[in-house]
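Working notes, structure below.
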Amino acid sequence: MLQSKKALLFIFILFLARPSAATDFYADIRKKQMAKDAKRWSLSEWLDQKKNLKLMDMWLSYNKPSPYEFFLSADTASLETTVSNAASTSDRDFRSYRGAFGAYATVVGLYGEYEHTDEVIDQWKALFLLRLLGSSDQSTNLTLQYGLMNRKFAGTDEIQHQVGGAKMDLYLLRAFALTGRYEHILKAESKNEISIEGYRVEGGAHIEYGAMRIYGTWFDERLELIDALSAEWTQRRSGILFGTRFYF
């Protein structure tokens, strides 16, 4: 019996005497202990984790983007107006000046603009906006629009249209995007009994620096007009506008 105990002790001593075997033995014990520690649940750790999660929620709540978005913009355009009928065509160049304001609350918004041209046309527009895609007006987005457009012609005539359409901004880089817009101008009749309908298309690009946007846009607007005597003619207004928009 004594001899067998001595043999076991001798084998254990030889095992510990081998550095690699001892290292593996202690490494295995440490690995098992770390696995146990990782699975151990304690009240103090749960309270610390809950406190950290609460701090993270507070930080995210403070730093998340506001659901409200506002902007002001101003631009000017050099445009050409072409009026044509079956008998003649005339072209004239003009300049327009426009100011606009917009406000969003999450995905819905309101937009208003006023435009004056030196061809003696004053126009205002009021639109309801619904953003189908995108987190803000300063990200890739697809937005529907619908509202009213009112025009006064040289103080002699006035007309109010319903207008509807969509716009899209596609960001190719963080500070550069391409833009497009289509607007349908529904048929309406002016005070002088002239029936007018048409559409407007736009395409352009903009660059941004923080809350400031600088943009350039080509536009083409075509209107079909019929007067009380059933005379028909077409008016086309096209040009390029440049402007600046500030977000806040």
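The values are calculated or read from the model by the stated rules, or taken from the named source; none is laboratory data. Treat the numbers as computed from the prediction; the structure is a model and nothing was measured. A quick note on method: Cβ atoms are made from the backbone with ideal geometry, for glycine too, and the neighbour counts reach across all protein chains shown.
The one condition from (1) surrounded by fewer than 17 Cβ atoms within 10 Å (Cβ to Cβ); (2) within 22 Å of F242 (Cβ to Cβ) that T156 does not meet is (2).
Of the residues T89, T81, T117, the single one that is under 22 Å from Y215 (Cβ atoms) and either assigned by TED's automatic domain parsing to the domain that holds W218 or in contact with a Phe, Trp or Tyr (Cβ under 7 Å, 6 or more places away or on another chain) (or both) is T117.
Which is touching a residue at least 60 places away in the same chain (Cβ under 8 Å) and among the basic types (K, R), of R131, R92, R151, R98? Talk me through it step by step, then tell me what you get.
Details: R131 fails: touching a residue at least 60 places away in the same chain (Cβ under 8 Å); R92 fails: touching a residue at least 60 places away in the same chain (Cβ under 8 Å); R151 fails: touching a residue at least 60 places away in the same chain (Cβ under 8 Å).
Among R131, R92, R151, R98, only R98 is touching a residue at least 60 places away in the same chain (Cβ under 8 Å) and among the basic types (K, R).
Taken over the range 86-114, residues that are under 24 Å from W233 (Cα atoms) and surrounded by 13 or more Cβ atoms within 10 Å (Cβ to Cβ) amount to 3.
Could you tell me how many of the residues in the range 202-235 are farther than 22 Å from L72 by Cα and of a type outside the set (S, T, Y)?
Residues flagged as farther than 22 Å from L72 by Cα and of a type outside the set (S, T, Y) within the range 202-235 amount to 14.
Counting only residues that are under 27 Å from Q138 (Cβ atoms) and surrounded by 15 or more Cβ atoms within 10 Å (Cβ to Cβ), how many does the range 217-237 have? Lay out the reasoning, then the answer.
As a first pass, look at the range 217-237 and keep what is under 27 Å from Q138 (Cβ atoms): 217-221.
Subsequent filtering for residues that are surrounded by 15 or more Cβ atoms within 10 Å (Cβ to Cβ) retains 217, 219, 221.
Residues in the range 217-237 being under 27 Å from Q138 (Cβ atoms) and surrounded by 15 or more Cβ atoms within 10 Å (Cβ to Cβ): 3 in total.
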